[in-house]
Amino acid sequence: MEIKKVAVLGAGAMGSGIAQVVAQAGYEVWVRDIKEEFIQKGKQTIEKNLRKAVNKGKISLPKYKEITSRLHFTTDMKEAVEDADLVIEAVPEVMDIKKQVFQEVCQLNKKAILASNTSGLSITELAKATDRPERFVGMHFFNPVPVMALVEVIRGEQTNDDTVNAAVEFVKSIGKIPVVVKKDVEGFIVNRCLVPYLVLAIDDVEKGVAEPEEIDAALLYEYKMPMGPLELADFVGLDILYFAGQQWSIVPKSKLLEEKFNNKELGMKTARGFYDWRAGRPKIPK
Ligand code: 3HC
């Protein structure tokens with residue numbers, strides 16, 4: 001089946017990033033969120049990224065206009081998903097919310113391939129909320145989406161080969177590198193390693209092993225990573241890690257993470273987490 005119209009559900013950091021790269025690749029994209037303010041924020045993020053690309057000479061002004069003309073924003077689920085060939089869900093990391101969204105989609109669209117950008121919830125379980133588990137697949141992007149090359153394509157127990165192949169081809173068509181995850185395990189390939197690692201670094205802070213800057217500096221020095229674990233935790237969002245901890249068995253429990261979540265210190269998105277982000281990225285001595 002040819003993919004022309006793509007619906008992206010959720011205009012947050014992941015949804016807006018996905019919408020941007022999909023529109024840049026030439027698809028018509030409909031972005032849907034539940035509130036106008038979320039839509040406006042997502043739209044502004046995309047426009048800011050694209051304007052930067054124009055200023056750097058990476059895209060021309062006519063190209064900018066062409067890309068933005070392919071992006072449509074709405075709070076109306078019907079408008080977003082009707083006639084869509086592919087629906088990519090990027091709503092909060094809560095099983096029940098995601099299931100509810102897919103149930104709604106299935107009432108309004110009978111043909112689309114359904115994809116979830118979940119960080120690690122069971123694709124098989126999510127697919128149960130739909131009328132087409134064989135055409136349901138995980139499509140997991142990484143933050144910041146316009147920069148990160150990898151996309152995990154996750155096969156649920158009932159996902160058929162045509163759907164996996166279509167997802168792989170779609171990911172290639174937007175200039176990303178697909179990796180097929182054959183088994184639907186918590187966290188898939190990357191987050192299965194990454195999230196426990198980040199939460200263990202949070203545990204170091206909680207136990208007073210070292211200060212966040214020291215933990216990050218140690219890992220930056222040792223492994224030449226682009227960000228240490230606590231900066232990355234803040235960057236990814238402490239809410240995402242908290243939800244993972246609540247729903248996946250492989251993530252260590254963390255009181256400090258729960259405290260940060262309850263205090264709405266969610267990292268970069270709220271300007272407070274393990275670091276103060278008001279003046280931009282933390283300066284970690286390397
Ligand atoms: N959106 C779009 N573009 C961005 C961006 C953003 N949020 N942040 C940075 N960029 C672009 C910059 O514009 C710049 O583009 P250019 O090459 O055209 O000039 C390029 O990325 C490099 O940015 P900077 O020079 O400002 O800074 P860095 O070189 O330090 O790179 C970074 C920033 C790409 C964020 C880098 O620090 C990095 O790779 N960090 C780790 C990110 C990571 O590991 N992500 C995965 C998280 S796990 C995940 O998402 C899974 C989820 O399920 C939990």
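The values are calculated or read from the model by the stated rules, or taken from the named source; none is laboratory data. The shown structure was predicted, so the numbers you read here are calculated from the model rather than taken from an experiment. All Cβ positions, even for glycine, are placed from backbone atoms using ideal geometry, and neighbour counts span all protein chains on display.
For the stretch 233-275, the tally of residues that are farther than 16 Å from Leu200 by Cβ and either surrounded by fewer than 16 Cβ atoms within 10 Å (Cβ to Cβ) or away from the ligand (no atom under 12 Å from the Cβ) (or both) stands at 14.
Within the stretch 242-269, being assigned to a helix (DSSP H, G or I) and within 15 Å of Pro92 (Cβ to Cβ) holds for Tyr242, Phe243, Ala244, Gly245, Gln246, Gln247, Phe261, Lys269. Look at Gly57 and say whether it is at positive phi and either small (Gly, Ala, Ser) or assigned to a helix (DSSP H, G or I) (or both). It is true that Gly57 is at positive phi and either small (Gly, Ala, Ser) or assigned to a helix (DSSP H, G or I) (or both).
Taking every residue in the stretch 224-250 that is on the phi > 0 side of the Ramachandran plot and pairing it with any residue that is more than 10 Å from the ligand (Cβ to nearest atom), at least 6 positions away or on another chain, the pairs with Cβ-Cβ distances below 8 Å are Gly237/Leu266; Gly237/Gly267; Gly237/Lys269. The test for being buried (at least 22 other Cβ atoms within 10 Å of the Cβ) and within 16 Å of the ligand (Cβ to nearest atom) holds for Ala115. Of all residues in the stretch 25-34, none satisfies being of a type in the set (Ser, Thr, Tyr), at pLDDT 95 or above and within 16 Å of the ligand (Cβ to nearest atom).
Look at (1) over 18 Å from the mean Cα position of the chain (by Cα); (2) surrounded by fewer than 20 Cβ atoms within 10 Å (Cβ to Cβ) and you find that Thr159 fails only one, number (2). Consider Asn143 carefully, then state whether it is surrounded by 24 or more Cβ atoms within 10 Å (Cβ to Cβ), under 19 Å from the mean Cα position of the chain (by Cα), within 12 Å of the ligand (Cβ to nearest atom) and not small (Gly, Ala, Ser). No: the conditions fail for Asn143.
Looking only at residues in the stretch 49-103 that are of a type in the set (S, T, N, Q) and free of Cβ contacts under 8 Å to residues at least 60 places away in the same chain, the one that is nearest to the ligand (Cβ to nearest atom) is Asn55. Summed over the stretch 118-136, the residues that are in contact with a strand residue (DSSP E or B) (Cβ under 6 Å, 6 or more places away or on another chain), among the aliphatic types (A, V, I, L, M) and away from the ligand (no atom under 16 Å from the Cβ) give a count of 1. Among the conditions (1) surrounded by 18 or more Cβ atoms within 10 Å (Cβ to Cβ); (2) closer than 29 Å to Ser116 by Cα; (3) not aromatic (Phe, Trp, Tyr), the only one that Val180 does not satisfy is (1).
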